[in-house]
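Since the structure comes first, as structure tokens, the remarks are kept for the end.
The values are calculated or read from the model by the stated rules, or taken from the named source; none is laboratory data. These numbers were taken from a predicted model, which means no experiment stands behind them. Cβ coordinates were reconstructed from backbone atoms using ideal geometry, including for glycine residues, and neighbour counts include every protein chain displayed. All accessible areas refer to the heavy atoms of the entire protein, side chains included, with ligands and DNA or RNA removed. Shrake-Rupley method; radii C 1.70, N 1.55, O 1.52, S 1.80 Å.
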Amino acid sequence: VKASNSLSFSLQAKMSRPVQARRLEGIDKNIWVEFVKLAAAYSKANLGQGFPDFPAPDFLTEAFTRALSEGNHMLHQYTRAFGHPPLVKVLAQFFEKLLGRDLDPMTNVMVTVGAYQALFCCFQALVDEGDEVIIIEPFFDCYEPMVKMAGGTPVFVSLRPNPPKDGKLMSSADWQLDPAELASKFNERTKAIVLNSPNNPLGKVFSRGELGLIAELCVKHDVLCISDEVYEWLVYDGKQHIRIASLQGMWDRTVIIGSAGKTFSATGWKVGWVVGPNRLLQHLRTVHQNSVYHCATIAQEAVAQGFQRELMLYGKPESYFVQLPKELQQKRDWLVQSLDGVGMKPIVPEGTYFLVADISQFKSDVPDAPNSDEPYDYRFAKWMVKNKGLAAIPLSAFYSNAHKNNYTNFIRFCFAKEEATLKAANDILQKWKQEKTS
Ligand code: PMP
């Protein structure tokens, strides 16, 4: 009797009901998991995922080491949930300068586990079932699943490429919104628009006119703006990054998102922040305190010291926020030349550390498979890393399913890389070009 009882118990113990929460339906695939694995296995030059392969600046790593070794053992313990006080204080001071308004460090700033968690808090705190959220394509891929997990409906509007002028290379500025199309996406269900300037993956830096148009529509339809500005310091050719929160009527309805990963070339630290009005941030704090609660104290302490240095050197040539874009602009120009030289036409980015290139002239090496479910650029990027050792990311990964197939002739490279990595990429491209012509 005993044995049969335990048998029926073990049969019952096996679960048969569905375990997956409905909110996860259709969002299980993630481009980075797949392409990071491929790059690790095959790449000789990894220009795929967006992270610098050069060291973070000495002043930052030294600040971390000091924080570890100076005997303040409390830096190994919890700090304030919504941000380590020295970090929120210096962020408030810094953004007061940038935005030209007074900020309260305790209510207008919140520290998050990277910009990723800042985005998650925004969508969870501000988007309800049935709300629509406008996303400008191409977009950083996590916006779509995050909106869906909050119960919202993403509504997509694409930047449209215009032919470049006078036989020049195309620029990210040639990709523009159609004002009428953008306006048509706003309605009474629209809760928010996600803006990402400078934009990953194109490198587009939205102009004052473009931001003005978005701001006007937000005010007219009483819509929030989630402004992902993680590449705020990475702008080139004397261009200026304009913060949409500084435009009329926008402060009250905008959350600004930033990342120490991008700002100080330390993506692994996962320190990010949100700056905005308390009426919005109070709800982000509710999500934060009930999910993550807190980010690593010691990393926050070191980032605070990094910002204190930058505040002192603001606008000066020694400032990292001046030096980094200078160095990256050289790397951009180098990769532009390298790609243009082999006929993989680059779209010259105005900002970020990404560059999108046209693969049309290389298509004969990777023939199309018309019946495949996978967009062509995915197959091209996979073939390229496996056969040539060069890792990049397919552009269609940054589009919604409905629009993916319109953009399968491009791949994205990251140029925040050591000279040796960029040279290795150039060697691969040159050799490939020679093989094609010989
Ligand atoms: N937003 C954009 C546009 C990004 O490109 C990234 C990182 N690739 C993030 C947010 C996430 O930043 P973090 O690493 O600080 O979480």
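What net charge do the residues around P145 carry, taking every other residue with its C-beta under 12 Å from that of P145, with Lys and Arg at +1 and Asp and Glu at -1?
Taking every other residue near P145 into account, the sum is -1.
Could you state the accessible area per residue of the stretch 162-244 in Å², with a 1.4 Å probe and every protein chain left in place?
41
Search the structure for amide H atoms under 5 Å from the amide H of T153, placed 1.01 Å from N in the peptide plane, and list their residues when 5 or more places away or on another chain.
Residues meeting the criterion, in which the H sits 1.01 Å from N, are G130, D131, E132, V133.
Loop only per DSSP, at most 14 neighbouring Cβ atoms within 10 Å: give me the trypsin sites (Lys or Arg not before Pro) in the stretch 175-204, ordered by residue number.
R189
Which parts of the stretch 72-112 would a label at V219 reach, counting a residue when its backbone N lies under 13 Å from a point 7 Å out along Cα-to-Cβ?
No residues fall inside that zone.
Take the Cα coordinates of the chain, assign each an equal point scatterer, and use the Debye formula without solvent to give log10 I(q)/I(0) at q = 0.09, 0.14 Å⁻¹.
-0.61, -1.38
Give the range of the longest stretch in the chain that excludes all GluC sites (Glu not before Pro) found in loop regions by DSSP and having at most 14 other beta-carbon atoms within 10 Å.
With GluC sites (Glu not before Pro) excluded where exposed in loops, the chain gives 189-317 as its longest stretch.
Taking amide hydrogens as modeled 1.01 Å from N in the peptide plane, which residues meet the under 5 Å criterion relative to E418, leaving out close sequence neighbours?
Hits under the 5 Å cutoff: D53, F54.
What does a probe at R66 reach in the stretch 294-311, counting residues whose amide N is under 18 Å from the point 7 Å along Cα→Cβ?
Residues 297-311 fall inside that zone.
Classify the stretch 271-404 from the C-alpha gyration tensor, please: rounded if a/c falls under 1.5, else prolate or oblate depending on whether a/b exceeds b/c.
It is oblate, given that a/c is not under 1.5 and a/b is not larger than b/c.
Kindly list the residues of the stretch 285-299 that lie in the label zone of V36, defined by a backbone N under 18 Å from the point 7 Å along the Cα-to-C-beta vector.
It comes to 296, nothing else.
If you count, for each residue, the other Cβ atoms within 10 Å and average over each peptide, how do 367-374, 270-277, 73-80 line up from highest to lowest?
270-277, 73-80, 367-374
Using only helices, what value at 222 nm comes out for the chain when you add -39,500 (n - 2.57) per DSSP H run of length 4 or more and divide by the total residues, to the nearest 500 deg cm²/dmol?
So the calculated ellipticity at 222 nm is -13000 deg cm²/dmol.
Taking amide H positions as placed 1.01 Å from N in the peptide plane, with prolines and chain starts having none, which residues 5 or more places from V271, or on another chain, fall under 5 Å of its amide H?
G114, A260, G261
Residue by residue, what Karplus-based ³J(HN,Hα) values in Hz, rounded to whole numbers, does the stretch 410-424 have, using 6.51, -1.76 and 1.60 with θ = phi - 60° and x for Gly and Pro?
9, 10, 10, 10, 9, 10, 7, 9, 4, 3, 5, 5, 5, 5, 4
Excluding ligands, DNA and RNA, what is the solvent-accessible area per residue of the stretch 1-146 at a probe of 1.4 Å, expressed in Å²?
For the stretch 1-146, the per-residue accessible area is 57 Å².
Want the number for F54 to A21: 0.36 nm per residue separation, take away the alpha-carbon distance, what's left?
That works out to 7.8 nm of additional length.
Mind checking the dipole of the chain: about its Cα centre, +1 per Lys or Arg Cβ, -1 per Asp or Glu Cβ, Debye to the nearest 20?
Numbers: 48 positive and 47 negative charges, 172 e Å.
That gives the chain a dipole magnitude of about 820 debye.
Can you run phi through the Karplus equation (6.51, -1.76, 1.60; θ = phi - 60°) for the stretch 278-288 and list ³J(HN,Hα) in whole Hz, with x for Gly and Pro?
4, 4, 9, 5, 4, 7, 5, 4, 4, 5, 4
Carbon and sulfur atoms: what percent of the 1.4 Å accessible area of the chain do they account for? All intermediate terms of the calculation are to be shown ahead of the outcome.
Numbers: 10110 of 19940 Å².
Here carbon and sulfur together make up 51 percent of the probe-accessible area.
When N counts the residues of the stretch 58-313, how does its alpha-carbon radius of gyration compare numerically with 2.2 N^0.38 Å, as a ratio?
For the stretch 58-313, the normalised Cα radius of gyration is 1.02.
For labels at N401 and D368 in the simple 7 Å Cα→Cβ model, what's the distance in nm?
Simple spin-label model gives 2.2 nm for this pair.
Can you work out the Karplus-derived ³J(HN,Hα) for every residue in the stretch 119-132? Use 6.51 cos²θ - 1.76 cosθ + 1.60 with θ = phi - 60°, whole Hz, and x for glycine or proline.
So the Karplus estimates, Gly and Pro as x, are 4, 4, 4, 4, 5, 5, 7, 10, 10, 10, 3, x, 6, 9 Hz.
If you add up the charges near A391, with Lys and Arg at +1 and Asp and Glu at -1, over every other residue whose beta carbon is less than 14 angstrom from its beta carbon, what do you get?
Summing Lys and Arg as +1 and Asp and Glu as -1 gives +4.
So for the pair R189, L169, with labels modelled 7 Å out along Cα→Cβ, what separation do we get in nm?
Placing both labels 7 Å beyond Cα along the Cβ direction yields 4.2 nm.
Which pairs break 26 Å Cα to Cα here: K97/K239; K148/K363; K185/K262; K270/K326; K89/K417; K168/K331?
Where the Cα-Cα span goes over 26 Å, the pairs concerned are K148/K363; K185/K262; K89/K417.
For the stretch 302-390, report the accessible area per residue in Å² (1.4 Å probe, heavy atoms, rounded to an integer). Walk me through the numbers before you get to the answer.
Values: 3740 Å² over 89 residues.
Ligands and nucleic acids excluded, the figure is 42 Å² per residue.
Once both labels are modelled 7 Å past Cα along the beta-carbon direction, what's the A81-K29 spacing in nm?
3.8
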